[in-house]
Amino acid sequence: MASQRKLLILGSTGSIGTQALEIVRHNPDELSVTGLSANTNWQLLARQINEFKPSYAFIKDAQLLPDLRSAVSHNQTRILTDQNELLELVKNGAYDVLLNALVGFAGFIPTVEALKSDKKVALANKESLVVGGELLREYCQRDHRRLIPVDSEHSAILQCLTGEQDDTIEKLIITASGGPFRELDPARMKDIKVEDALNHPNWDMGAKITIDSATMMNKGLEVIEAHWLFDLPLDKIEAVIHPQSIIHSMVTFIDGSTKAQLGLPDMKVPIQYAITYPERWSLETPRMDWGVQQQLTFTPVDHKRFPCYKLALDAISEGGYAPTVLNAANEVAVERFLNKEIRYDHIAVVVEKSLEGISPGSPITVGALHEADTETRNFAQQLRLNHS
Ligand code: NDP
Ligand code: MG
């Protein structure tokens, strides 16, 4: 095995971050941690610092610094709260792989800075590609293998593509569980409670992506993610509902042959693959029992039932700043729903209204994307909704 890989994990206290640290725990000779980061969860960050002894740790909420310090017993870790210092670490830190497990637009700039600095990025933060896919592709034009997906569908596609030529791809088929409301009468969508939407049938994830999975905005974001990651036009990317979440995605090639990647739903598989890529390491995780009768079913995505999915496809077709606006409006709408300020079916309304206000953009730059994000957030936050 190659020399020890050093990881910088942003969002280490989240669902992906904690699973990544489980992988580190199981591979102490092969993996180590250069840096960890959290938004507010200082208690868990302190435990992680004490266990993994990183050189750096970042807590976004500076007011929590005294609490964090008092709980840290390993005093060789330098604790940062200044965003610029964190970005400096991303650009010039002594690490091999950045695992970006931040949620939302907050993950975009770290991805930009790491790729511009020729670093390797294991990307869970799909919002980075939704917001600025075109720029990110440019940054790693010389070596696309520096940007490796953690998302299970994109990891499945990457695994199917290994050993294949790009010009032999006919279609990517991205599978979707369909979430908890796959069969719910659309008339009842307005009554959906936060607790119901947070109850995903197959995956245990952070709150934002769980709501995105229920609305299927997540699948729309994933189509955009695949478009940029694999450099394919939208008509070569299709999503299908596969409620069992056993096939994580598929690729059909020009000879009509289809390859798929299968397994029980467990994010540790794609997280580890992204960290070790192009190597594949062993992992103790429950295996499929192929001796037991299985049913794998597929249905198309119903655009009426899942308006957020359709809005995402429309946004990427429109291009320019539309996906940035879609993303920002969705982040705000999901937060407002989680805070019980708006109804579940209003998430799509907030996104739709935000996209209506979009003005044709100037050339795409990081600064202009930031501006579009901020403007949309203000609009979506203030939008009043009709409750009839
Ligand atoms: P979580 O909400 O569980 O974790 C998010 C992490 O980011 C936490 O460490 C959190 O810190 C930190 N964080 C949140 N907001 C900010 C901010 N504004 N600035 C800095 N840090 C912040 O999210 P997930 O792990 O579920 O998801 C992470 C990313 O991975 C998302 O883009 C998601 O779409 C993607 N993904 C997740 C999957 C999953 O199974 N969870 C599957 C596929 C993709 P704190 O704990 O202090 O709040
Ligand atoms: Mg996914």
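The values are calculated or read from the model by the stated rules, or taken from the named source; none is laboratory data. Here the structure is a predicted model, which means the values were calculated and not measured. Here Cβ is always computed from backbone atoms with ideal geometry, including for glycine, and neighbour counts include all displayed protein chains. All accessible areas refer to the heavy atoms of the entire protein, side chains included, with ligands and DNA or RNA removed. Shrake-Rupley method; radii C 1.70, N 1.55, O 1.52, S 1.80 Å.
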Checklist entry - Among Pro110, Ala20, Thr40, whose Cα sits farthest toward the positive end of the charge dipole of segment 5-149 (+1 at Cβ of Lys/Arg, -1 at Cβ of Asp/Glu, about the Cα centre)? => result Ala20
Item to check | Magnitude of the charge dipole, segment 5-149, Cβ model with Lys/Arg +1 and Asp/Glu -1, debye to 20 | outcome: 220 debye
Checklist entry - Add -39500 (n - 2.57) for each DSSP H run of 4 or more in the chain, then divide by its residues: what number comes out at 222 nm, to the nearest 500 deg cm²/dmol? => result -13000 deg cm²/dmol
Checklist outcome for this item: Under the Karplus relation with 6.51, -1.76 and 1.60 and θ = phi - 60°, whole-Hz ³J(HN,Hα) for segment 216-229, x at Gly and Pro, equal 6, 4, 3, 5, x, 4, 6, 5, 5, 4, 5, 4, 7, 5
Checklist outcome for this item: About its Cα centre, segment 190-269 carries a charge dipole, from +1 on Lys and Arg Cβ atoms and -1 on Asp and Glu Cβ atoms, whose size in debye to the nearest 20 is 60 debye
Checklist outcome for this item: Taking the dipole of the chain about the Cα centre (Lys, Arg +1; Asp, Glu -1; charges at Cβ), the one of His346, Leu198, Pro265 that reaches farthest to the positive side is Leu198
Checklist entry - Any idea how far the Cα center of segment 167-222 sits from the one of segment 256-282, in Å? => result 21 Å
Next on the checklist: For the pairs Lys53/Lys120; Lys60/Lys91; Lys6/Lys171; Lys193/Lys236; Lys60/Lys126, flag any whose C-alpha to C-alpha distance is greater than 26 Å.
Outcome noted: Lys6/Lys171; Lys193/Lys236
Checklist entry - How many angstrom separate the Cα center of segment 365-386 from the Cα center of segment 46-100? => result 30 Å
Item to check | Listed peptides 142-149, 119-126 by packing density, highest first (mean Cβ within 10 Å) | outcome: 119-126, 142-149
Checklist entry - Around Arg384, what is the net charge, scoring Lys/Arg as +1 and Asp/Glu as -1 over all other residues with Cβ under 12 Å from its Cβ? => result +1
Checklist entry - When the Debye formula is applied to the Cα atoms of the chain, each taken as the same point scatterer, what base-10 log of I(q)/I(0) results at q = 0.10, 0.13, 0.15 Å⁻¹? => result -0.65, -1.13, -1.49
Item to check | Rounded, prolate or oblate (a/c below 1.5 giving rounded, otherwise prolate when a/b exceeds b/c) for segment 5-149 by Cα gyration tensor | outcome: prolate
Checklist entry - Given a cut-off of under 8 Å on Cα pairs at least six residues apart, what relative contact order in percent is computed for the chain? => result 14 percent
Item to check | Around Ser317: net Lys/Arg minus Asp/Glu count, Cβ-Cβ under 13 Å | outcome: -2
Next on the checklist: Taking all protein chains in place and a 1.4 Å probe, what share, in percent, of the accessible surface of segment 102-230 do carbon and sulfur account for?
Outcome noted: 45 percent
Checklist entry - Once the dipole of the chain is set up with Lys and Arg at +1 and Asp and Glu at -1 on Cβ about the Cα centre, which of Leu158, Val301, Asn125 lies farthest towards its positive end? => result Asn125
Item to check | Cβ crowding within 10 Å averaged over residues, with 245-257, 75-87 ranked highest first | outcome: 245-257, 75-87
Checklist outcome for this item: Too long for a 24 Å Cα-Cα cut-off, among Lys116/Lys219; Lys208/Lys268; Lys219/Lys353, are Lys116/Lys219
Checklist entry - Say each of Asp61 and Arg142 gets a label point 7 Å from the Cα, pointing the same way as Cα to Cβ; how far apart are those two points in nm? => result 4.1 nm
Item to check | Accessible area in square angstrom per residue, the chain, 1.4 angstrom probe | outcome: 46 Å²
